[in-house]
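Heads up, the thing below is written out as C-alpha cells.
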Amino acid sequence: MALRRSPSSNCADPWPNGAWFNQVSTVLSESSSIHSDVLYQLSRDLSGSGLKPMPYAVLEPSGLKEEPWEEEFQSLLQRNSMQVSPSEDKIPDVGPPSSPQASGEGLYFSDGQRKVDYVLVFHHRRHGSLRSPTTASVSQDELSIVSNGNFPPPSSSEALAGGGGGLRREDASVGEVFMELGMARGSGAMEAADHEMQLIRQEFEANLLEAGLEVERDRETKTHGPSFTRIHAPWPVLCREAEFLKIKVPTKQSYELKEESGFGSSMSSVWRKVKQPFQPKVPQQDQGSTKFLSHCFSRDKLHMYNITSKDTFFDNATRGRIVYEILRRTVCVRTCQTIGISTLIAKGVYDSAFPLHDGDYKVTGNLEERNDRQVLFEEWARYSAFYKYQPIDLVRKYFGEKIGLYFAWLGVYTQLLIPASIVGIIVFGYGVATVDTNIPSLEMCDERLNFTMCPLCDGACDYWHLSTACGTARASHLFDNPATVFFAIFMSLWAVLFLEHWKRRQISLSFSWDLTGIEEDEEHPRPRYETILLQKQQRKQKKKKKKKKKNEPEKQEDGTVTGKDRWRQKLLSAMAAGVPTVIEKLTWKDRLPGYFMNISSILFMFGLTFSAVFGVIVYRITVSALMAMSPDPEIKSNVRVTVTATAVIINLVVILILDEIYGAVALWLTELEIPKTETTFEERLILKAFLLKFMNAYAPIFYVAFFKGRFAGRPGSYVYVFNDYRMEECAPGGCLIELCIQLSIIMLGKQLIQNNIFEIGIPKLKKLIRALKEKEPTQKQKDEEKTPLQWNLDYALAPFEGLTPEYMEMIIQFGFVSLFVASFPLAPLFALLNNVIEIRLDAKKFVTELRRPVAARAKDIGIWYNILSGMGKLSVIINAFVISFTSDFIPRLVYQYMYSPSGTMHGFIDHTLSFFNVSNFRPGTAPHSSDHGDVTVCRYKDYREPPWSSDAYQFSKQYWCVLSARLAFVILFQNLVMFLSLIVAWVIPDVPKTIVEQLKREKKLLVNLFLQEEKEKFQLIQSLFVKDATLHPKSQSPSAGQAFPILGRYSTLPSGPTAPDGPRARCRAASFSQFSEKISSLPRKENANSKHTAV
C-alpha cells in the first residue's frame, strides 16, 4: 500500500535536503499484515512531517480501482487514520464563477442553487521558493509503504510519477516497508505550523460534513492571500437545528388584532396620519391588523407552518445563526482538542468567519427588487433620512435581536430627549429674559457700590473692583436662576420616565419579535478558558504520574507484589474505582492572581485619573499667577477666561487619551480573570470599562462642582500648593458658571471628536491601510482580475467587535445629560443633535462598513439597564448637591426670608462679602504697589466675622444658617424626587395592557389549534378502523365467549380473548393508536372501532 499527500494539496513541507529522499526500511514477518493500530501509530508519527494517508485508489490507475481489496483498504484508512483527508475528498474544490451573475453575485455555491450561509477564511502565507518558477509546476511529497504482498503493487508508470531520485517499488523485497520522504521538485517551503493548521482545518471541515452541512472550497491555486470556504445548510439541517434552538416561526393560524373604538380610535388615526411623512418606505413585514401565531419550530408539525419555499422559510439571518451554532459546538479532537470556531480563530487556524451580506448596498436595478440591505441603506443609513423613524423590525430581521434592541433603545432615548431639550431651552430663555432685572447681577455691575476686593494672588496682584466681573455675573445668571431647580427636578423625573418607557417598549418588541418565553442559549467556554483549563489538567496529570512513581509498591525479582504493599495496592485501586470522575473547572484559587492584578490596576488607574486632574489644577494655579504678574493690563484682565478655557481643553485631550488607554486596560484585566463564557466576559468588561471611563470623564467636573474654592482658605491664611502657589478660588459669580463651561466643552468636544475622528476617520484609515497591504498585484494578476464576489467584498470590511463601544458612548452622554444638568440646561439639546447624527452614523457603519454580524438573540439590553438605573438614582443626589452647594440658590433664599430688611434681594452681594484688614496680610503677600490708593479693608466672598469682632475671621452665624439650609434642601429634594419617581413607576405599568390581552388570546388560540390537530388525528384513526372493519367483517364479529379490552390511555399491547378454557388468541400487528401518546380523547365505550381484531 502507499500513503502520500493528496495531489490537490498546495502545501509544501520543508524537507531538510530539498529533493533528497530519506529511506526507512522495516522488516515484517511473512505472515503479518499491516494492522490498523500499526498504521495509526505510523500516521501519528509522521503527522508532524506533513504527511497524510490517502486511499490507495488515488495512486492506482483507473483499471485497478474496482478491485475488491481497495474498498477494504480505504475503509481501513478512514477508520483508523489520524488524518482526515478521506473526508476531504467530499469537499469540492471549485474556481470562481465566470461572472457574478452565474452564482447570484457571490451569494450561492458554484451550482447557483445552494445559498452561501457562512464563510470561513484563512490565509496562505507567502513562503520562499526552493526552485525556480519554471520548475514549480510539479510538487509531490511521497510516503510509500510496500506491504508483504497482501496488496497488489502499482503500475510502473505510477511508480515513476513522483520523479527521479527515489527508490523504485520493484526494488523492494517482500516483507519490507520503505518510505520516500521528500519533495520531488518545485514548491516553496512550508512551515510545520502551517501544515498543522491545514490538518486542523481538514478535520474541522470533515466534522462539519458529518454534522450535515455542505462545504465548498476555493481551488487551491493561490500561493498567498485569503482562501474562502463556503458553507451551506440544507433543509434537514435547518429543521433539526431550528427545533434544537427553539426558534419561533409563524404558523398558518392568524387572528385579527383588536381595534380601538371611540375617541381612542379617532386619536390613533389622527396620530398615524401625522406620523405618515416620517415613516420609512419599507415593505410591511406584517399584514396590518392581522397577526400570525408563532410557535417553536418542530419537525413533527411541518403541516402547521406556511412553508411556501424551503429556501426562504428561514431568512438569511436565521440561517447564519443556525450555521454559527453548529460551528460553535463542532470539535477537533484528533488534532488540537478544541471546541468551536472561536477557538480556532483564536489559535490562528482560520482568519475570520462571518455570514454574508445580502448583496451590494447600492441600488442598481428596479426599486421594487431591492434586497434588505439596499432598503436599509436607502431608508435608514443615510443622513438625508434623519427625520424618519427607524425601520426597527427590518433592522432586527437583518442583524438580529441584539442589534435591533440597541437601535430601538437609542431611538427611544433620542425621542425622549425632545421634551427635555424643549424644557431646557425654556429654562435658558428664562435666564436670558430675566438677566437685566436680576438684582444680584445689577449690584455686582454697579460701579457706585465700589466693592474693593482682596488680591487674587500674593505680591504681584493688586486690589480690584467687583464691578469688573460684571460679565461673569450676568453669564452666571443664565444658568443659575430659580428655574434651574425646577429643571433639575424635571430631569430627575425624566430619567425615571425614560427607563419606564423603555421597559414597556422592550416588552412590546419582545412580544412582536416572538421573544417571550425564550430560554438562555447554552454557551461554550471561551478559548482562553479552555487553554488555561487544559494547562491545569496537564499539571495535575504530571503530579499524578510523579506521585504514582513514588507510591509504586516494591516487587520481587519475578515481578509479584508481596506483603502489605499488595493490600495497599488493592485499597488504592478500590478507592480509585469508587471515586466518581470530577469535571475539571477553574476555581477562585486559579483566578486569585487575576483578582489581585485587577484590584491593584484599577486603584492605579484611579490614581492616574486623579493625578491628571491635579496636574491640570497645578497648571491653572501657575498660569494664573504668571499672567497676573504680567505688565500688560489686557492680559491681566483676561486671566480667568484664558486659564479656564485652556485648562478645559487640556482636560478634554487627557480624557480622550485616557479613554483609549482605559478601554485596552479593561480588556486586559478582564482576560486575567479568565471568565468562562462570553456573556460573563462581556459583563465584567462593561463594568470595568464603565467604572474607569466614568471616573475619567467626570473627575474634572466633580472637582469644579464640589471641591474648587472649598479649601482655598481666606486672606491672611491661604492654603498653598508647593509652598508657593495658592489654591484656586471660584469666580465672583460662583463656581456654577465654571462648571457649565467645563461640562459643555467636555461634552461637545468628546462627542464631536469621537464621532468625526474615532468613528469615521480611524475606520477609514484602517480600511485604507488594509487595502494597501493587500494590493500591489502584478500586471498579470490585474489582467486576470474579475468582478469581486460577495465574500471578497465582505472580507474587505471591518469585523464586528460588539456593541460595547456604542452603548458606552451613549451611557457617558446620559451622565452628562442627567448628572450635572442643573448647571447646563442646554445639555439635552446638544445630546439630541448629536444622537440624530449618531443614529445615521451607526446605521451607515453597520450597513456599509462592517461585516454582517451573527444574528444574536437577546430579550433585553442586559447590564446596561442596571447601569442606567443606577445613574438615574445618582443623578438625584448629585443635582441636589449642585443646587445646594455649587449654586447661590440657597444663600439667596436664606437672605431673602431671614436677613433682608425689605424681603427682597437688595443688599445680597454686600451680605455675602466679608471684611479683611490689609494689615493682617502675611509678610510678603500684600500687593507691592497699588493703583487704588490707600486701602485699609478689602472684601472677599465668605461668611466670616469682621476683623473688629472678638471672633475675627471665624465662621459667622449666617454661615451655619446657610449650611443647615443647604443640607435640609438636599434631604428634601432627594426624598421629594424619589417619591415622585416611585409614583411615576407605579402609574406606568411595565407591560402594556394590550400586550397582556394579546398574550392571553394567543395562548388560547394555540391550545385550540393543538386540540383541533388532536381531533383530526383521532378522526383519522377512526377512519382507519372503520376501513379495517369493512375489509374484514367476519374477523371483526365477536363470538359469545370473548371479551374485548377497552382501549385506555395507558394501554400498550392489546389483550387476547378472556375465555378461560380456550387457547389465547394471537393479536394482529399493533394499530396506529398504540403508538400515540395523546390518546386520552378516545371513547371509553365498547364498539367496533375501539376493539382490536382477534385473528
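So with the 1.4 Å probe, I'd like the accessible area per residue for region 294-450, rounded to whole Å².
Per-residue accessible area for region 294-450 comes out at 43 Å².
Taking a virtual spin label 7 Å from the Cα of THR516 along the C-beta vector, which residues in region 986-1015 bring their backbone nitrogen under 13 Å of it?
Counting only backbone N, you get 991-1007.
Given R₀ = 45 Å, FRET efficiency for PHE1010-GLU801 by Cβ-Cβ distance, to 0.05?
Values: r = 44 Å, r/R0 = 0.97.
Calculated value: 0.55.
Of LYS301/LYS402; LYS503/LYS693; LYS275/LYS301, which ones are farther than 31 Å apart at the Cα? Intermediate results must be reported in sequence, preceding the final value.
Details: LYS301/LYS402 28 Å; LYS503/LYS693 26 Å; LYS275/LYS301 40 Å.
Table pairs above 31 Å Cα-Cα are LYS275/LYS301.
Would you mind classifying region 315-404 by shape? Square roots of the alpha carbon gyration tensor eigenvalues, ordered a ≥ b ≥ c; an a/c under 1.5 is rounded, otherwise it is prolate if a/b is larger than b/c and oblate if not. All intermediate terms of the calculation are to be shown ahead of the outcome.
Working: a/c = 2.98, a/b = 2.63, b/c = 1.13.
Taking the square roots of the gyration eigenvalues as a ≥ b ≥ c, region 315-404 is prolate.
Would you mind telling me the share, in percent, of accessible area of region 896-947 contributed by carbon and sulfur at probe 1.4 angstrom? Present the calculation step by step, with values, prior to reporting the outcome.
Working: 1480 of 2980 Å².
With neighbouring chains kept in place, the figure for region 896-947 is 50 percent.
Using per-residue counts of other Cβ atoms within 10 Å, averaged over each peptide, order 826-838, 235-247 from highest down. Walk me through the numbers on the way to the answer.
On the way: 826-838: 20.6, 235-247: 17.2.
The peptides rank, most packed first, as 826-838, 235-247.
Which value in nm describes the separation of the simple spin-label points at ILE307 and ASP446, placed 7 Å from the Cα toward the beta carbon?
A separation of 8.9 nm, rounded to one decimal place.
Ranking request for peptides 1006-1018, 869-881: highest mean number of other beta-carbon atoms within 10 Å first, then the rest in descending order.
Numbers: 1006-1018: 13.4, 869-881: 19.5.
Ranked by mean Cβ neighbours within 10 Å, highest first: 869-881, 1006-1018.
First measure r as the distance between the Cβ atoms of ASP218 and ILE769, then evaluate 1/(1 + (r/R0)^6) with R0 = 35 Å and state the FRET efficiency to the nearest 0.05. If you can, show how the numbers build up before the last one.
Details: r = 25 Å, r/R0 = 0.71.
FRET efficiency, ASP218 to ILE769: 0.90.
Just to be sure I understand the model, the point goes 7 Å from the Cα along the line to the Cβ. What's the resulting LEU626 to PHE610 distance in nm?
2.7
Just order 844-853, 715-724 by mean Cβ neighbour count inside 10 Å, highest at the front, would you? Can you show the working numbers first?
Values: 844-853: 19.9, 715-724: 12.6.
Going from most to least packed, we get 844-853, 715-724.
Give the long-range amide H neighbours of GLY713: residues separated by 5 or more places, or on another chain, with amide H under 5 Å away, using H modelled in the peptide plane at 1.01 Å from N.
VAL719
Quote the FRET efficiency, to the nearest 0.05, computed for TYR865 versus LEU752 with a Förster distance R0 of 45 Å and r equal to the Cβ-Cβ distance.
0.95
Let me check something: with ligands and nucleic acids excluded, how do CYS735, CYS445 order by accessible area (1.4 Å probe), largest to smallest? Mind showing how you got there, number by number?
On the way: CYS735 5, CYS445 35 Å².
The ordering from most to least exposed comes out as CYS445, CYS735.
Need the full-extension length gain, LEU672 to GLN537, defined as separation in residues times 0.36 nm minus the C-alpha distance. One decimal, nm. List each step's numbers first, then the result.
Values: separation 135, 0.36 × 135 = 48.60 nm, distance 1.87 nm.
Using 0.36 nm per residue and subtracting the Cα-Cα distance, I get 46.7 nm.
Scan around TYR725 for amide H atoms under 5 Å from its own, H built in the peptide plane at 1.01 Å from N, and keep only partners 5 or more places away or cross-chain.
Distant-sequence amide H within range of TYR725: zero hits.
To the nearest 10 Å², what's CYS730's accessible area with a 1.4 Å probe?
It works out to around 40 Å².
Name the shape class, rounded, prolate or oblate, that the alpha-carbon gyration tensor gives for region 861-920, where a ≥ b ≥ c are the square roots of its eigenvalues, rounded holds for a/c under 1.5, and otherwise prolate holds if a/b is larger than b/c and oblate otherwise. Don't skip to the answer; put the middle values down first.
Values: a/c = 6.83, a/b = 2.40, b/c = 2.84.
Note, shape of region 861-920 comes out oblate.
I need the shape label for region 875-967. Rule: rounded when a/c is under 1.5, else prolate if a/b > b/c, else oblate, with a, b, c from the alpha carbon gyration tensor. It would help to have the intermediate numbers written out before the result.
On the way: a/c = 2.19, a/b = 1.84, b/c = 1.19.
Prolate, because a/c is 1.5 or more and a/b exceeds b/c.
Roughly how many Å² of LYS549 are accessible to a 1.4 Å probe, to the nearest 10?
150
Sorted by accessible area with a 1.4 angstrom probe, largest first, how do ASP446, ASP117, ASP351 fall? Can you show the working numbers first?
Details: ASP446 40, ASP117 10, ASP351 70 Å².
Per-residue accessible area, sorted high to low, gives ASP351, ASP446, ASP117.
Within the set of other residues whose C-beta is less than 14 Å from the C-beta of LEU120, count the net charge using Lys and Arg as +1 and Asp and Glu as -1.
That works out to -2.
The values are calculated or read from the model by the stated rules, or taken from the named source; none is laboratory data. Since we're looking at a predicted model, the values are computed, not measured. Counting neighbours? That spans all protein chains shown, and the Cβs are built from the backbone with ideal geometry, glycine included. Side chains included, ligands, DNA and RNA excluded: accessible areas come from the protein's heavy atoms. Shrake-Rupley method; radii C 1.70, N 1.55, O 1.52, S 1.80 Å.
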